[in-house]
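Okay, so here's the structure we're looking at.
Each value in this text was obtained by applying a stated rule to the coordinates, not by laboratory testing. Predicted model, so just to flag it, every value in this text is computed and none were measured. Methodologically, a virtual Cβ is constructed for each residue, glycine included, from the backbone with ideal geometry; neighbour enumeration extends over all protein chains shown.
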Amino acid sequence: MIEDIRTDFRKLIAAYEAQRVENGSLKKKLQECMDMNEEYRKQIFELEKEIDSLRLADAMTMSSGGKKEARERIDRMIKAVDKCISMVGNVRESDDGKEHHDQGCGARI
């Protein structure tokens, strides 16, 4: 009977060790995915900024009839920036340690 308990105990330890190794591996993979996700977010942000700059440059090079459209685009961009600043302020004010999700500050202009 004691030998059966020892055998079961060894099996339990082996199973625990296997799960511990797998858990460590999964944690490492999760961190790698989170790092990649953050890099992709940064890349998306930079590309959106580039798109906005190109749209603004395109609007500025339009004929005189496009000046009104260019002004409207600039006004929309200013409103989008103001909205983002407001959202950041609201998140800071309400930050009570809870996780905050992206509120979609990248408004389409």
Subtracting the Cα-Cα distance of Asn90 and Glu39 from 0.36 nm times their residue separation yields 15.9 nm
Sequence order, segment 77-83: Karplus ³J(HN,Hα) from phi using 6.51 cos²θ - 1.76 cosθ + 1.60, θ = phi - 60°, Hz rounded, Gly and Pro as x, gives 5, 4, 5, 5, 5, 4, 5
With label points set 7 Å from each Cα along the Cα-to-Cβ direction at Ser25 and Lys68, the distance between them in nm comes to 6.5 nm
Per residue, the convex hull enclosing the Cα atoms of segment 2-91 spans a volume in Å³ of 110 Å³
